[in-house]
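Working notes, structure below.
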Amino acid sequence: MKAIWLVGVILLAGCLKSAVEAETPARLINVDAASRAELKAVVAAAIGQATVRLADDALIEDGVMLIERTPRTDNLGHRLPGRDLGAPRRFQLFRAGTDCILIEADSDRRWVLEQARCVAL
Amino acid sequence: MGIGGSGGTGSSGSGTTAPPPQWIEGVFAPASTFAARCEMPRAGFDADGRRFSDQPGSLLHEKHWLRSFSHELYLWFDEIIDQDPALFGSTADYFEVLKTLERLPTGRPKDNFHFSIASDEWQQQSQSGVRAGYGARWVVLASRVPRDVVVAFSEPDTPASSSGLIRGTRVLEVDGVDVLNATSQAEVAIINEAIFGPAPGSSHTFTLALPDGSETIVTMTAGNFASSPVQNIRFIASAVGKVGYFTFNDHIGPAEQQLIDAVRTLRDEGISDLVLDLRYNGGGFLTIASQLAYMIAGSQATAGRAFETLRFNSKHPTLNPVTGESLDPVPFRSTTAGFSALPAGQPLPQLGLSRLVVLTGGNTCSASETIINSLRGIDLEVIQIGARTCGKPYGTYPTDNCGTTWFTTMFQGINDAGFGDYPDGFSPAGTTGIVGVTLPGCSVSDDFSRPLGDSQEARLAAGLAFLETGTCPSAPATAAPGRARLGSDELPGEGEMPGPEWLRNRILLP
């Protein structure tokens, strides 16, 4: 019984260890049209939009991506809103095993990017 | 019906068109009475996943909502002339009269900020700072023949920077069309599309005049490129010590991290003064402005002081009518907000300066002006070099109704000293024409002949000279050729800086 308990503890520790390792900050590599389209679709769905404009090198450099309202200008060319009381939405890429996972910081919602390849930072 | 008068919509049972509301001059039903009573109700869900609450209504309901909404929240509600909504053909036409018609002492309209946009367009989102184009930020010095379009700066690692589009580069031809002199609508459309609205992946050929007078032809392929809001960090030796400098172009999310990095660098370098270049900064997140103001002034100067207090109209002296929160003074933000890779709540670095030089122009607006006003509110000396800022101490909560998002001025930002009246902007001493709140400093044209951050660039040079001598350069600082904006009092070289989503057909004109 004691041995079983010990094995259980070891297994649990292993699980915890892998769980800790499971989500390592990461960045994208070998981005192609399919993975770029998937990322765009995932982010658009996450923010409730049909589409979203992302940088051509999104998540390739640092794995963190901020999303905010596309700036507009009024009839005089002033930025709208010039005094924005809000905040951007932050997404970060993590690697878990071979999975590339996009996580929204505030909500902790997460999406596995099936088409993506990523490396830990 | 509560307040009575204009209203009479009856119950809001789903699927039934409410009876038309009646207008009684000076009598206003709550805006909620008419909210989401739409001529064309939307089905489905909004960006936050909530089902649209639209109900069958009419154009008249929508106009009555605008009327009551404005009466409740417009900053100058008591200056609106109450008119019968039924007399106006569209909500847009009616919205145009739901504002003050008064003018400032300088003759400019008191309210320049009345605006509306389709809600689905307003809801569109992008990765912070990402623009479609080549990575160049253009300034339009003359939108009509002979036109003048010049590069203000290029973002690093973009087609613009790799193609040599340095500051001061002028566009002569695009895809074979004469940018300066083309007159047909079709040709102007080609120019506008190629310069300001190229589709990602499309290639266009430019004939360019470089600042040294030489010409070059480049072909660039447009893409979606992220901007770097903080650039050109410099240390400049001067008679008053080491002066720090950087350009701050946009209050977007990534600016938090970049500003922190810049301030740390400047602090570690031991600067005694800072020149903050805001000439192309049209505003954005107020949180970023508050953080930067804190980092400049430091914890001691900002302790217990207000960065800003929002002042709504006289009906709402204590509570924010939109959020319901108390209208307490907002302190300077001394920690990260989690806008960047840094977690929220981390202490910000600080410079602890007692004076600041700001480089400004007509594109310095909103949150950028708040930095100036908030620091003046805690008695930090602000020296201004350049041209008058845009003059927008106001803000709003963009509000959707029936598929249109309405921008009506709701509040004014007040600094710790109780000041927020700068509707004509801030002007450096020596400004002619329209003059805003005058600050010590120098009126200096934008100088496209030198890079930003170059100590010989006219505005930066004037700032350095003012720090050393307390006076402005004796002769007007040289600026590249350029003409003032149409009908403007601005200095030569002050132009429009088209944003990424400007209507393409009204940038350059036939």
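Here, each number is a calculation from the coordinates, and none is a lab measurement. Fair warning: this is a prediction, and the values are worked out from it, not measured in the lab. Neighbour counts are summed over all protein chains in view; Cβ atoms, including those assigned to glycine, are modelled from backbone coordinates with ideal geometry.
Bridgeable aspartates and glutamates around B:LYS242 (alpha carbons under 12 Å apart, same-chain partners fewer than 8 residues away excluded): B:ASP268, B:GLU269, B:ASP273, B:GLU468. Projecting the Cα atoms of B:THR158, B:LEU319, B:VAL435 onto the charge dipole of chain B, computed from C-beta unit charges around the Cα centre, puts B:LEU319 farthest toward the positive end.
Shielding of peptide B:222-232 by partners, expressed as the average count of other chain Cβ atoms within 10 Å per residue Cβ, is 2. Neighbour counting of Cβ atoms within 10 Å sorts the residues B:ILE81, B:ILE383, fewest neighbours leading, into B:ILE81, B:ILE383. Taking the Cα centre of the protein assembly as shown as reference, the dipole from Cβ charges on Lys and Arg (+1) and Asp and Glu (-1) amounts to some 720 debye. Reported to the nearest whole Å, the Cα centre-to-centre distance from the stretch B:43-102 to the stretch B:134-175 is 40. Each part reduced to its alpha carbon centroid, the stretch A:80-121 and the stretch B:178-216 end up 37 Å apart.
Here, P(r) means the percent of Cα pairs in each 20 Å bin from 0 to the largest distance; for chain B it is 21, 51, 26, 2. Under a cut-off of 16 Å between alpha-carbon atoms, report the aspartates and glutamates in cross-link reach of A:LYS40, not counting same-chain residues fewer than 8 places apart. Candidates past the 8-residue exclusion: A:ASP32, A:ASP56, A:ASP57, A:GLU68, A:GLU104, A:GLU114. Per residue, the convex hull spanned by the Cα atoms of the stretch B:277-325 amounts to 122 cubic angstrom. Principal semi-axes of the equivalent ellipsoid, √(5λ) from the alpha carbon gyration tensor of the stretch B:230-469, are 29, 21, 17 Å from largest down. Eigenvalues of the alpha-carbon gyration tensor of the protein assembly as shown, scaled by 5 and square-rooted, set the equivalent ellipsoid semi-axes at 37, 36, 28 angstrom, largest first. Ranked by how many other Cβ atoms sit within 10 Å of their own Cβ, fewest first, the residues B:VAL145, B:VAL139 fall in the order B:VAL145, B:VAL139. Peptide B:284-291 has a mean shielding of 4, counted as Cβ atoms of other protein chains within 10 Å of each residue's Cβ.
Once each part is reduced to its C-alpha centroid, what is the distance from the stretch B:335-372 to the stretch B:395-440 in angstrom? Each part's Cα centre sits 18 Å from the other's. Peptides B:456-467, B:261-272, B:27-38 ordered by packing proxy, namely the average of other Cβ atoms within 10 Å per residue, highest first: B:456-467, B:27-38, B:261-272. Where in the stretch B:375-406 does the label zone of B:MET40 land, with the point 7 angstrom along Cα→C-beta and an amide N cut-off under 13 Å? The answer is B:402-404, whose backbone nitrogens lie closer than 13 Å to the label point.
Counts of other chain beta carbons within 10 angstrom of each beta carbon in peptide A:87-93 average 5. Annotation: the residues B:LYS242, B:LYS99, B:LYS110, B:LYS315, sorted from fewest to most other C-beta atoms within 10 Å of their own C-beta, follow the order B:LYS315, B:LYS242, B:LYS110, B:LYS99. Listed by chain and number, the aspartates and glutamates whose C-alpha is less than 15 Å from the C-alpha of B:LYS315, apart from same-chain residues fewer than 8 away, are B:GLU72, B:ASP78, B:GLU79, B:GLU325.
If we sort B:307-314, B:202-209, B:73-80 on the protection proxy, mean other Cβ atoms within 10 Å, highest first, what's the order? Mind showing how you got there, number by number?
Details: B:307-314: 20.1, B:202-209: 16.8, B:73-80: 18.2.
So the order, starting with the most tightly packed, is B:307-314, B:73-80, B:202-209.
Computed from phi, the 3J(HN,Hα) profile of the stretch A:106-111 under the Karplus parametrisation 6.51, -1.76, 1.60 (θ = phi - 60°) reads 5, 8, 6, 5, 9, 9 Hz, with x in place of Gly and Pro. Projecting label points 7 angstrom from Cα along Cα→Cβ for B:THR469 and B:ARG267 puts them 3.5 nm apart. Peptides B:410-416, B:441-447, B:47-53 ranked from most to least packed give B:441-447, B:410-416, B:47-53, packing being the mean of other C-beta atoms within 10 angstrom over each peptide's residues. Sorted from greatest to least, the principal axis extents spanned by the alpha carbons of the stretch A:22-120 come out as 50, 27, 23 Å.
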